[in-house]
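Note sheet for the following structure.
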Amino acid sequence: MPATRGKAVLITGGAGFIGSHLAERWLKAGARVTVVDDLSTGSWANIQHLAGRARLRALVASAGERELLEQLVPEHDLVYHLASAVGVKLVIDQPVKTIQTIFHATDVVLKVCARFRRPVLLTSTSEVYGKSAEAPFREDGDVVMGPTEKRRWAYACAKALDEFLALAHHHETRLPVFLVRLFNTVGPRQTGRYGMVLPRFVGQALRNRPLTVYGDGSQRRCFCSVRDAVDALYLLPQQPAAAGQVVNVGTQEEVSIEALARRVIKLTRSKSKLEFVPYEQAYGEGFDDMQRRVPDLTRVRKLIGWKPRHKLDDIIRQVAAEMRRRAES
Ligand code: UDP
């Protein structure tokens, strides 16, 4: 594996939940890190603890600012494009912004990386599989998109278009692009503000408020620790064989949302009860949920020998501990 010390890494969305952990990972490896974030869903608080590091530079700007990227990209060895609209709630509430920011910024990042021939990793999402009933989802499996009248699918479609565009650059010019489909990444610093279920449940449990289970709670998800996900994001672009490939990153430890709620209550010793909320009430019209979402992990294992190490109960405990700390500070 090539040396990481002294490498220069640019991370768009680096003040976000996943981006901040990734910045920390690269700093630990001895790299120089530049974070570009418009703080729309990210926050300074996520990288405040890194602020004193001489090898970290943080800029408040949008990832779609071409002139800025044309200055920055040639100064870096590797680019991560994580800046994106996040969270089902945001996607439902602001569909125009979601589609535009996702597609426009990715287009600019790819153009600039192509111009300066810099390897680029894009984070995509398991949403791209849409309503496919396959289990587990393989990267080369079909995607099954829902109707355009249901706003949720705009996110999946925009992210799929990003993937097409990145792969097209790879095909036409051999630009090293790395595409990672993340499956329900969770951990400290994630906010529940944009709808993500785990920080919402933990926050509700710590306040002894009802845990809002949407639908009948039988829908299942696999939750992956951000620490594990970031290990994969760190290793993949250092593996040349991963260029031009889509790679799933997640766990196969499945849990229903109702069972998740009960585990959160138990592990936080909360007095909360469950409150079942119909989807229309939670998200309004134009919503569609998927029942299951399990990644096939063969590809990531073969490429970088990665497998998730953290168990869900430990992640829940970590998230609760961090929320308690934040509430006290
Ligand atoms: N969910 C829930 N209560 C909440 C927030 C989310 O029951 O307060 C459900 C949501 O409907 C979905 C699952 O939890 O079925 C995971 O939601 P999240 O938004 O975290 O990720 P998704 O898998 O939908 O992208």
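The values are calculated or read from the model by the stated rules, or taken from the named source; none is laboratory data. A quick note: this is a predicted structure, and the numbers were derived from the prediction, not measured. A quick note on method: Cβ atoms are made from the backbone with ideal geometry, for glycine too, and the neighbour counts reach across all protein chains shown. Side chains are part of the model used for accessible areas, which takes the heavy atoms of the whole protein and leaves out ligands, DNA and RNA. Shrake-Rupley method; radii C 1.70, N 1.55, O 1.52, S 1.80 Å.
Connecting C-alpha atoms closer than 10 Å in a GNM of the chain, tell me which of His170, His310, His49 has the biggest fluctuation.
Fluctuation is largest for His49.
Might you tell me the accessible area per residue for the range 177-329, computed with a 1.4 Å probe and given in Å²?
Ligands and nucleic acids excluded, the figure is 45 Å² per residue.
Assign one of three labels to the range 90-155, namely rounded, prolate or oblate, based on the Cα gyration tensor with a ≥ b ≥ c the square roots of its eigenvalues; rounded applies when a/c is under 1.5, prolate when it is not and a/b is larger than b/c, and oblate otherwise.
Because a/c hits 1.5 or more and a/b fails to exceed b/c, the range 90-155 counts as oblate.
For the chain, what does the convex hull of the Cα positions come to per residue, in cubic angstrom?
Hull volume over Cα atoms, normalised by residue count, gives 121 Å³.
Put a dot 7 Å past each Cα toward the Cβ at Glu254 and Asp93; how far apart are the dots in nm?
3.2 nm
Quick check: residue separation of Thr148 and Arg301 times 0.36 nm, minus the Cα distance between them. What number comes out in nm?
Contour length minus Cα-Cα distance gives 51.6 nm.
Return the sequence-ordered ³J(HN,Hα) values of the range 103-119 in whole Hz as given by the Karplus equation 6.51 cos²θ - 1.76 cosθ + 1.60 applied to θ = phi - 60°, using x for Gly and Pro.
6, 4, 4, 5, 4, 5, 4, 5, 4, 5, 4, 5, 4, 9, 6, 10, x
Diagonalise the Cα gyration tensor of the range 1-121 and give the resulting equivalent ellipsoid semi-axes, square root of 5 times each eigenvalue, largest first, whole Å.
23, 18, 11
So, by mean Cβ neighbours within 10 angstrom, what's the order for 248-259, 222-233, 132-143 with the highest one leading?
Order by mean packing, descending: 222-233, 248-259, 132-143.
For Asp314 and Glu67 in one chain, what is 0.36 nm times their gap in residues minus the Cα-Cα distance, to one decimal in nm?
The span from Asp314 to Glu67 would gain 84.6 nm if fully extended.
Provide the FRET efficiency to the nearest 0.05 for the Arg326-Val277 pair, computing r from the beta carbons and using R0 = 30 Å.
That gives a FRET efficiency of 0.70.
Please give me the summed charge of the neighbours of Arg220: other residues whose Cβ is under 9 Å from its Cβ, Lys and Arg +1, Asp and Glu -1.
+2
As a check on your grasp of the helix formula, calculate [θ] at 222 nm for the chain: sum -39500 (n - 2.57) over DSSP H runs of n ≥ 4, divide by the residue count, round to the nearest 500.
Helices in the chain give a 222 nm mean residue ellipticity of -12000 deg cm²/dmol.
What order, most packed first, do the peptides 17-29, 144-156 have when packing is the mean number of other Cβ atoms within 10 Å of each residue?
Highest to lowest by the protection proxy: 17-29, 144-156.
If I compute solvent accessible area with a 1.4 Å probe over the protein chains, what percent of it on the chain is carbon and sulfur?
50 percent
Tell me, how many Å apart are the Cα centres for the range 38-53 and for the range 249-281?
Between the Cα centres of the range 38-53 and the range 249-281 lies a distance of 29 Å.
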